[in-house]
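For reference, the structure discussed in these notes is given below.
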Amino acid sequence: MSRPNPNQVTKAGVLGTGVIGGAWALHFLRMGMDVVAYDPGPNAREKLLAMVEHIWPTLVKLGLREGASPQRLRFAASLEELVNSVEVIQESTPENLEAKRALFAELDRITPPDVVIISSTSGFAMSDMAVDLQHQADRFVVGHPFNPPYLMPFCEVCGGERTSQEVVDWTAAFYEAIEKKVAKMNKELPGFIGNRLQEALWREALHMVANNECSVEDIDKAIAYGPGMRWAIMGHCLTFHLGGGQGGMAHLLDHFEDSLEEPWTRLQAPKLTQQLKDDMVAGCLNQANGASINDLILERDDCLIRIMATLKEYREEKGITR
Ligand SMILES: NC(=O)c1ccc[n+]([C@@H]2O[C@H](COP(=O)([O-])OP(=O)(O)OC[C@H]3O[C@@H](n4cnc5c(N)ncnc54)[C@H](O)[C@@H]3O)[C@@H](O)[C@H]2O)c1
């Protein structure tokens, strides 16, 4: 077997070209790779080309690797053509366990043995998706990105019971080579790391809206102008470490022990009633204040690029490698 060096992958396959698959295609293109895409959905090719046209100027602002070009994207006519023309596959088809199981069983049958197959799944464990694999289950692994993968650096790599450590390591190294910040998980866990953290916060937000304790706008303000600003710099734990003064996390845990436990008591899922759904949707539309989804995507991306540039410049200046 001759898997390519993870630092030298030049041909990536994108399976499913919706929100996430399309964004992966853009990231691979920006990294100077050839990209082959396959998606049997209606007008998938046209939708992907429109996405590339809309987002490419953002990537130009971010900086392209040598040779990067939207011209290096090609659409395969069949799944067979895709799997035989790439060195790695990033799967981003809908979050449906039965459909992923069937697709993975087919990929297992037809994909050349060296090709690693990475799933973008937001929450399924590879062990559950891989139940029908009969050939080479060792090269199926989860590589979960955050939206949009052409900008957000973080990815979680998590193998299943039958994934080899070599493939987990290869995938993490591949992602690092294309400028991702990687967490290699030790065990499978539904939702992985980032989504479990987001969902814990989301659950609490839904409670506050359901109980009419504050508005949707207040919740987003609390994050965007409150803890969210600090989280981009050093995450949740190191931020709290500073909350303990010179005593750091040890002092914080001792000092606030009882009052820390108090807000944890409500963390059970609220009932997602129609009223709660309506309130959440109305609150978001109110906040958007007429801006379209595409307007909001450009605003998010422009601001993310500036935040990333500021953090990079500061860290380079100070020699911070965290
Ligand atoms: N949307 C997010 O924020 C997000 C973030 C991280 C991970 N993910 C994960 O990424 C995956 C894709 O999610 P999405 O939001 O991009 O969904 P999406 O609905 O936007 O795109 C899915 C695409 O897959 C295509 N498709 C369906 N069956 C296919 C097949 N057999 N072969 C190839 N293509 C097929 C569809 O035509 C569609 O274009 C899911 O597993 C999801 O959990 C989503």
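Just wondering, is there one or more residues in region 106-118 that are within 12 Å of the ligand (Cβ to nearest atom) and out of contact with any Asp or Glu (no Cβ under 7 Å at 6 or more places or on another chain)? Yes, that holds for at least one residue. Just one of the listed residues (A44, A37) is crowded, with 22+ Cβ neighbours inside 10 Å and within 11 Å of the ligand (Cβ to nearest atom), and it is A37.
With respect to the conditions (1) surrounded by fewer than 16 Cβ atoms within 10 Å (Cβ to Cβ); (2) more than 9 Å from the ligand (Cβ to nearest atom); (3) not acidic (D, E), V19 lacks only one, and its number is (2). Only helices (runs of 4 or more DSSP H) whose full extent lies in region 1-115 are considered here, and the ones with at least 3 residues that are more than 24 Å from E179 (Cα to Cα), at pLDDT 95 or above and within 23 Å of the chain's Cα centre (by Cα) are 44-62, 97-110.
Among all positions in region 84-104, there is at least one residue which is more than 11 Å from the ligand (Cβ to nearest atom), among the charged types (D, E, K, R) and more than 21 Å from F28 (Cβ to Cβ). The residues of region 219-262 that are farther than 26 Å from H207 by Cα and either basic (K, R) or under 26 Å from the mean Cα position of the chain (by Cα) (or both), listed by number, are I233, M234, L238. Given the condition within 15 Å of the ligand (Cβ to nearest atom), out of contact with any Pro (no Cβ under 9 Å at 6 or more places or on another chain), aliphatic (A, V, I, L, M) and more than 21 Å from A25 (Cβ to Cβ), answer yes or no: does some residue in region 151-166 qualify? No, region 151-166 has no match at all. Considering each residue of region 124-140 in turn, none proves to be closer than 17 Å to I178 by Cβ, outside any helix (DSSP H, G or I), within 10 Å of the ligand (Cβ to nearest atom) and out of contact with any Pro (no Cβ under 7 Å at 6 or more places or on another chain). Considered as a group, the residues in region 56-83 that are more than 14 Å from the ligand (Cβ to nearest atom) and aliphatic (A, V, I, L, M) include one that is surrounded by the fewest Cβ atoms within 10 Å (Cβ to Cβ), and that residue is V60. Take region 116-143 and flag every residue that is among the aromatic types (F, W, Y) and surrounded by fewer than 23 Cβ atoms within 10 Å (Cβ to Cβ). Result: F124, single match.
The values are calculated or read from the model by the stated rules, or taken from the named source; none is laboratory data. Quick caveat, the model's predicted, so the values are computed rather than measured. Quick reminder, even Gly has a Cβ in these numbers, built from the backbone with ideal geometry, and neighbours come from all protein chains shown.
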